[in-house]
1. Of all residues in the stretch 40-87, which are in contact with a helix residue (DSSP H, G or I) (Cβ under 9 Å, 6 or more places away or on another chain), under 20 Å from Cys225 (Cα atoms) and of a type in the set (Gly, Ala, Ser)?
2. Of the residues Arg309, Arg291, only one is touching a helix residue (DSSP H, G or I) at 6+ places or on another chain (Cβ under 7 Å), modelled with pLDDT under 90 and of a type in the set (D, E, K, R); which?
3. Name the residues in the stretch 156-177 that are in contact with a strand residue (DSSP E or B) (Cβ under 9 Å, 6 or more places away or on another chain) and crowded, with 19+ Cβ neighbours inside 10 Å, would you?
4. Take the residues in the stretch 139-165 that are polar (S, T, N, Q) and not in a helix (DSSP H, G or I), then tell me which one is farthest from Met77 (Cα to Cα).
5. Being under 21 Å from Tyr334 (Cβ atoms), assigned by TED's automatic domain parsing to the domain that holds Val465, in contact (Cβ under 8 Å) with a residue 24 or more places away in the chain and basic (Lys, Arg) is the requirement here; does Lys375 meet it?
6. Pairs under 7 Å by beta carbon, first residue buried (at least 16 other Cβ atoms within 10 Å of the Cβ) in the stretch 220-246, partner hydroxyl-bearing (Ser, Thr, Tyr) and in a loop (DSSP other than H, G, I, E, B), six or more apart or different chains?
7. Which condition breaks for Leu184 when tested against (1) buried (at least 17 other Cβ atoms within 10 Å of the Cβ); (2) at pLDDT below 90?
8. Could you list, in sequence order, all residues of the stretch 381-404 that are in contact with a helix residue (DSSP H, G or I) (Cβ under 9 Å, 6 or more places away or on another chain), modelled with pLDDT of 90 or more and surrounded by 17 or more Cβ atoms within 10 Å (Cβ to Cβ)?
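The values are calculated or read from the model by the stated rules, or taken from the named source; none is laboratory data. Quick caveat: nothing in here was measured; it's all calculated off a predicted structure. Cβ sites come from the backbone with ideal geometry, for glycine too, and all protein chains shown count toward neighbours.
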Amino acid sequence: MIKLTDVSFFFGGRDILSHADLLIKDNDRIGLVGPNGAGKSTLFKIIIGEQSVTGGSITTDRKDAVIGYLSQDTGEMKGGSVLEETIAGAGRVSEIGKRLAFLEARMGDVDDPITEREMEEYGLLQNEFIAHDGYNLENNAKEVLTGLGFSDERQAESVENFSGGWKMRIALARLLLLKPDILLMDEPTNHLDLESILFLESWLNNFQGAIVMTCHDREFMTRICRTTIELNQGKLTYYSGDYDFYLREREIRRRERIASYNRQQAMLAKEEEFIARFAARASHANLVQSRIKNIEKIERISLPAEEKRLSIEFRPCPRSGDQVAVMEDLGVSYGEYNVFSSVSVTLRRLEKVALTGINGAGKSTLLKVIAGKLKNSTGLCTVGSSVHLGYFSQYSSDLLNPDNTIFEEAQERLPELDRGQLMSALGAFHFSGDDVEKKISVLSGGEKSRVVLACILSRPVNFLVLDEPTNHLDITSREVLLDALKRFDGTVLIVSHDRFFLKSLVSKVWELDKGCLRVYEGDYSYYLEKSPHIKELHLV
């Protein structure tokens, strides 16, 4: 459907794309991967025509093909309700609906009767409206919004009342209702909870068009995408499988390239030895010149760039007591609104527990109570002896000093560490060299989260309370964090919507549902299988 041929794009003195080819066919499911800053979002803008290219061509075999694009910038939203804003995103079918409503009003105007030409237009538009399921447009919009977490009451609210994260959901709802021929999605799971992720996953698996997406949620991308394309150093490299296949195949290709490089180097060494040995002999002059020419024609194989294997080294901390946190009939309420009540559970040393529940169930509230950031209304919450707690809030990055550099921020938070230790801590989260001199004010949400996590994980703690630490982190940073937490010789209580992350980490799940806490004595896969709440969704 869309073909990029020999496309190049240069920006800031470097190749974003260099003689790149890309073909998006009907029903393709492509995961676009690559390091942060490689140019994945730029590639999307090139495809939709928002960004011109330096060289090459972009063609499509269908001039009427509809391309839907979800960017990380929602743009301005104001004026209408959530439902109205979503319906307006349906494109031509929404416009037809408005025109039909106008013509229907004209039919009832006795003072200015509808013309024969307008009646003919009405008939043609009505046929097109029916063909595009227009009479179910509002119901379809409500279904999508409900799946993305909007209650009936919130669907009627003005879009101006919502935060950036919820506006991103509205933008996603508009896109799904549009039902384009090609879906380009830049981080579609950002700001979504598990229930919304499962809904979106189900919707996309039933979608009839082509999909190209970037995503930091490894399991989500693996479940949706059948092909993976890596953008790195201006080159697009195809892998005919999902993300897991891509990781395996990339390593195989890397090893093969190293082996080919070594074989070529050995061959070149022999040839150069022969040339040096017989260069002075007239009897071998023709043979020497022939070999020199052959060597000059050989395309040299370069070694693949060495990947940095980053790791977090935890500082020694005293052993905590066996009971890390004990809750007895714990409850929190605001006036007549009860967040949760009668929570009685014990968190034991070395346990790694996931806290789950829908948005608004009280997960963050419970973590704040345990971390001592919020006073409970009823019952008791006791942190055990010798417990040194590290707490990451969803809003921790808001507490960073925007005037500090990354290094200065880390230095203020970790005054006991010397420069080498600070650089090592920051390096584990991909801040090295001149990066540490960047101002906090210019960092992205993911970069700010990495600064906070680097500081928290560099303290001598034995109990980590983590509220959405994976939000905004790319796959590489998530895997660095996952590896660290798996090696962490302490206790972890975590909220995250990344299923791969939780399946790889936790051995127990606490679920907050309708004000009560259920405990699942099994890993995250066991929880997904047994939870009545998850089964109600009919999506797993």
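1. Gly68, Ser71
2. Matching residue, one of Arg309, Arg291: Arg291.
3. Across the stretch 156-177, the qualifying residues are Val159, Met168, Ala171, Leu172, Arg174, Leu175, Leu176.
4. Per the stated criteria, the residue is Ser151.
5. No, not satisfied.
6. Here the result reads Phe220/Thr189; Thr227/Ser240, each pair linking the stretch 220-246 to a residue that is hydroxyl-bearing (Ser, Thr, Tyr) and in a loop (DSSP other than H, G, I, E, B).
7. If we test Leu184 against (1) buried (at least 17 other Cβ atoms within 10 Å of the Cβ); (2) at pLDDT below 90, just (2) comes out false.
8. Matches in the stretch 381-404: Cys381, Val383, Leu389, Gly390, Tyr391, Phe392, Ser393, Leu400, Asn404.
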